[in-house]
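Chemist: Input: one structure, supplied below.
The values are calculated or read from the model by the stated rules, or taken from the named source; none is laboratory data. All figures in this text were calculated on a predicted structure; none of them were measured in a lab. Here Cβ is always computed from backbone atoms with ideal geometry, including for glycine, and neighbour counts include all displayed protein chains.
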Amino acid sequence: MKVLLDSNIYKHDLTLDGAKFRLLVSQAAQGRFGLALPEVVAREVTALYHREIETKLRELGKASRRLRSLRVPVAEQELIDIEGKTASFREYLESKVLGDGAGELVGLPDISHDALIDKAVGRRRPFGGKGSGYRDALIWQNVIALIQGNEAVALVTDNYKDFAATDGRSLHDDLLAELKHAGGAPDSVLLYRDLDSFLKAWVPVEEAALHRVRELLGEEFTRAQLENALATVLAQLALPDEGRGFLTGFNIDSEGAWIETLDSLESVEATSAYSLGGEDASVELSADVAVTVDFLAHKGDLYSAERMYDLGDEIDPPFRIYDYDFNESMAAAEATLDLSLTVQATFHAEAEELDDIEITDIEQA
């Protein structure tokens with residue numbers, strides 16, 4: 001089976017070094033499946049990398065100018081060869097996906113513009129309702145070519161609306177008809193909405209590692225080590241929208257929120273473990289933590305929420321404003337929150353250690 005990731009999957013981890021991507025590459029190297037990198041996906045992911053550098057450099061320049069206007073000395077920004085970095089990234093992408101012979105670079109499909117135009121004007125999937133979907137149509141033709149080469153394909157894409165039926169899981173009827181015409185069985189192409197769902201479906205759980213990690217998490221020393229590692233990873237981590245629910249009841253729209261400190265590790269559980277080859281395993285943990293969060297919000301919103309508590313039964317609001325004049329429109333505040341984390345880590349069986357700690361999901365508990 002060949003696993004084909006859409007560019008919208010790669011964009012979640014442009015370093016290509018996150019826990020789930022490492023697990024995918026490790027399993028491919030062990031021969032569990034092969035990886036397919038379409039040329040159109042490689043080009044788009046490389047373009048995403050290019051745009052990400054440009055965006056962050058603009059943000060850095062804007063922040064530097066603002067700091068200088070506040071008479072804060074800032075070093076001159078180093079010139080960066082964006083084109084050179086982008087060319088190096090394309091080589092890096094291919095080396096990660098195709099390395100050790102586990103992957104295949106799939107060229108641009110052999111299909112005429114006439115055929116694509118017919119599909120577009122006929123609004124046949126993966127073309128959308130407005131005829132959009134040229135890139136997706138090229139990827140689908142790559143899938144068809146792999147099927148005709150007697151390969152089953154797992155297509156991992158967040159763009160399920162253009163590929164999937166109304167159930168969001170199976171292929172759309174247009175694509176099933178084209179698959180049948182190409183000589184493929186209905187189950188020769190499997191659709192997954194994210195890398196996590198694919199890995200859970202195809203990578204067997206490493207029971208021995210899971211059992212041992214659960215034992216170690218019951219020991220005070222291991223929990224203390226994990227808490228210290230989580231504190232390092234969480235420090236200054238931007239809080240996603242899912243973690244800001246505590247503000248919605250006050251009509252406060254924060255302009256930025258980040259974790260200041262990990263106050264305590266309330267609970268932790270190992271939920272799954274997968275082999276990385278040898279004696280190492282990728283382990284998924286669920287953890288409940290108490291943290292202190294700093295956030296910025298419009299002064300009027302914070303003052304209104306503060307006054308609401310002054311008029312109510314509660315003595316103090318669930319946040320503290322520590323800088324009423326952060327800038328012309330914003331005030332800075334902090335709050336203590338309970339968060340639920342999904343954590344990915346590498347378990348080294350011989351040393352009985354967890355490292356490479358990565359937070360993959362954050363929600364308010």
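Chemist: Do you know which residues across segment 129-164 are farther than 28 Å from L199 by Cβ, at pLDDT below 85 and within 26 Å of the chain's Cα centre (by Cα)?
Modeler: Residue satisfying the conditions is S132 alone.
Chemist: Filter segment 255-287 down to the residues that are surrounded by fewer than 22 Cβ atoms within 10 Å (Cβ to Cβ) and either of a type in the set (K, R) or not in a strand (DSSP E or B) (or both) and list them by number.
Modeler: Of everything in segment 255-287, those that are surrounded by fewer than 22 Cβ atoms within 10 Å (Cβ to Cβ) and either of a type in the set (K, R) or not in a strand (DSSP E or B) (or both) turn out to be E255, G277, G278, E279.
Chemist: Right, here's the next one. Filter segment 21-42 for residues that are small (G, A, S) and modelled with pLDDT of 90 or more; which is farthest from G149 (Cα to Cα)?
Modeler: A42
Chemist: Looking at segment 31-53, which of its residues are surrounded by 10 or more Cβ atoms within 10 Å (Cβ to Cβ) and not hydrophobic (A, V, I, L, M, F, W, C)?
Modeler: R32, G34, P38, E39, R43, E44, T46, Y49, H50, R51, E52
Chemist: Which of the helices (runs of 4 or more DSSP H) contained wholly in segment 64-177 include at least 3 residues that are assigned by TED's automatic domain parsing to the domain that holds L48, under 30 Å from Q30 (Cα atoms) and of a type in the set (S, T, Y)?
Modeler: 82-98
Chemist: Looking at K62, is it within 15 Å of L195 (Cβ to Cβ) and charged (D, E, K, R)?
Modeler: Against the criterion (within 15 Å of L195 (Cβ to Cβ) and charged (D, E, K, R)), K62 does not qualify.
Chemist: Continuing with this model, one more query. What is the one condition in (1) under 26 Å from Y322 (Cβ atoms); (2) at pLDDT 80 or above that R244 does not satisfy?
Modeler: (2)
Chemist: Need the failing condition index for V213 against (1) surrounded by fewer than 18 Cβ atoms within 10 Å (Cβ to Cβ); (2) modelled with pLDDT of 90 or more; (3) under 26 Å from T346 (Cα atoms); (4) not basic (K, R), just the number.
Modeler: Failed condition: (1).
Chemist: Just checking, does segment 289-311 include any residue being closer than 30 Å to V203 by Cβ and either of a type in the set (F, W, Y) or not in a loop (DSSP other than H, G, I, E, B) (or both)?
Modeler: Scanning segment 289-311, I find at least one residue that is closer than 30 Å to V203 by Cβ and either of a type in the set (F, W, Y) or not in a loop (DSSP other than H, G, I, E, B) (or both), so the answer is yes.
Chemist: If a residue must be β-branched (V, I, T) and either part of a helix (DSSP H, G or I) or at pLDDT below 95 (or both), how many such residues does segment 2-20 contain?
Modeler: Of the residues in that region, 2 qualify.
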